[in-house]
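Accompanying notes for the structure given below.
FYI, it's all coordinate maths here, none of it is from the lab. Just so you know, these numbers come straight off a predicted model, no measurement behind them. With ideal geometry, Cβ positions are generated from the backbone for all residues, glycine too; neighbour counts draw on all protein chains shown.
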Amino acid sequence: MRPGFADPVFGAQEGFSALMNAMARPGRIQQCAALRDLPPGLQPAAAAAILTLADAETPVWTDAEGEAREWIAFHTGAPFVDLAQAQFLLATRAMPALAALHQGSDETPQDSATLILQIGSLDDAAGWRLTGPGIEHEHRLLAAGLPDDFPRQWAANRAQFPRGVDLVLCAGTRLAALPRTTRLMEGN
């Protein structure tokens, strides 16, 4: 089995810090390079995110296969469940429909799913215009590898507030978050 964090304490701290900063500052790209020797199909930021968030009591879904799936199971101890039952999801290929994920309820919105999605690239110099909590004026984010209907799915997700899915986009060692409160506008 390939190792997880070389230094479990500092690796988990780096992952946690990157995730918390990304959630607090939607659209701002964070670096997370705490993992190096990963199974094929896993990117460093996404792998660090799932190791940071999941544990033996956390229901997880992933489309990772083979060694990557075994690596996640070994290092998190998390039980694998169906898509709609997962608290945390790691999509290494295509994004599952946001509406198919656990949305939480009005009484327990904290029970909704967080989707960690591996994509091709992230850039904060162009792309969508983001506004909402944690954004003073506006942030920009270009995320390559999302489905064409992502803006529509995101608007529908946001409209359910306080319910809804939170999203962590990962490209290599970079990650950015879109909490469910973030408004996404296309164009200049």
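What net charge do the residues around Ala78 carry, taking every other residue with its C-beta under 9 Å from that of Ala78, with Lys and Arg at +1 and Asp and Glu at -1?
On the way: positive: none; negative: Asp55, Glu57.
For residues surrounding Ala78, the net value is -2.
Assuming R0 = 22 Å, what is the FRET efficiency of Arg36 and Phe16, from their Cβ-Cβ distance, to the nearest 0.05?
Values: r = 18 Å, r/R0 = 0.83.
With a Förster radius of 22 Å, E is 0.75.
Add +1 for every Lys or Arg and -1 for every Asp or Glu among the other residues with Cβ under 13 Å from the Cβ of Ala45, and state the total. All intermediate terms of the calculation are to be shown ahead of the outcome.
Working: positive: Arg36, Arg174; negative: Glu14.
With Lys, Arg at +1 and Asp, Glu at -1, the net is +1.
In the chain, with Lys and Arg counted as +1 and Asp and Glu as -1 at Cβ, which of these residues, Thr76, Gly15, Trp128, has the Cα nearest the positive end of the dipole, that is, farthest along it?
Going by the charge dipole, the pick is Trp128.
Could you put Cys32, Cys170 in order, starting from the residue whose Cβ has the fewest other Cβ atoms within 10 Å? Let's see the in-between values first.
Values: Cys32 27, Cys170 31.
With the sparsest Cβ surroundings first, the list reads Cys32, Cys170.
Nearest 20 debye, what's the magnitude of the dipole of the stretch 31-185 about its Cα centre given +1 on Lys and Arg Cβ and -1 on Asp and Glu Cβ? It would help to have the intermediate numbers written out before the result.
Numbers: 11 positive and 18 negative charges, 92 e Å.
With Lys and Arg at +1 and Asp and Glu at -1, about 440 debye.
Based on the Cα atoms of the chain, what semi-axes does the equivalent ellipsoid have, where each is the square root of 5 times one gyration tensor eigenvalue, given in whole Å with the largest first?
On the way: eigenvalues 125, 71, 44 Å².
Value: 25, 19, 15 Å, ordered largest first.
Using a 10 Å cut-off around each Cβ, can you sort Val60, Val9, Val81 from fewest to most neighbouring Cβ atoms? Before the final figure, lay out each step's value.
On the way: Val60 23, Val9 8, Val81 15.
Ranked by crowding around the Cβ, least crowded first: Val9, Val81, Val60.
Please work out the FRET efficiency for the pair Arg152 and Asp55, using the Cβ-Cβ distance as r and a Förster radius of 35 Å; give the result to the nearest 0.05.
Numbers: r = 34 Å, r/R0 = 0.96.
Approximately 0.55, to the nearest 0.05.
List Ser112, Ser17 from most exposed to least, where exposure is judged by having the fewest other Cβ atoms within 10 Å.
On the way: Ser112 20, Ser17 14.
In order of increasing Cβ crowding within 10 Å: Ser17, Ser112.
Along the charge dipole of the chain, pointing to its positive end and built from +1/-1 on Cβ of Lys, Arg, Asp and Glu, which listed residue (Ile29, Thr58, Ala46) has its Cα farthest out?
Positive-most Cα among the choices belongs to Ile29.
How far is it, in nm, from the label point at Asp106 to the one at Val9 when both lie 7 Å from their Cα along the line to the Cβ?
Between Asp106 and Val9, the label points sit 4.6 nm apart.
Taking 8 Å as the Cα distance limit and 6 or more residues as the minimum spacing, I'd like the relative contact order of the stretch 31-85 as a percentage.
On the way: 63 pairs, mean separation 19.1, N = 55.
With pairs under 8 Å counted, the relative contact order is 35 percent.
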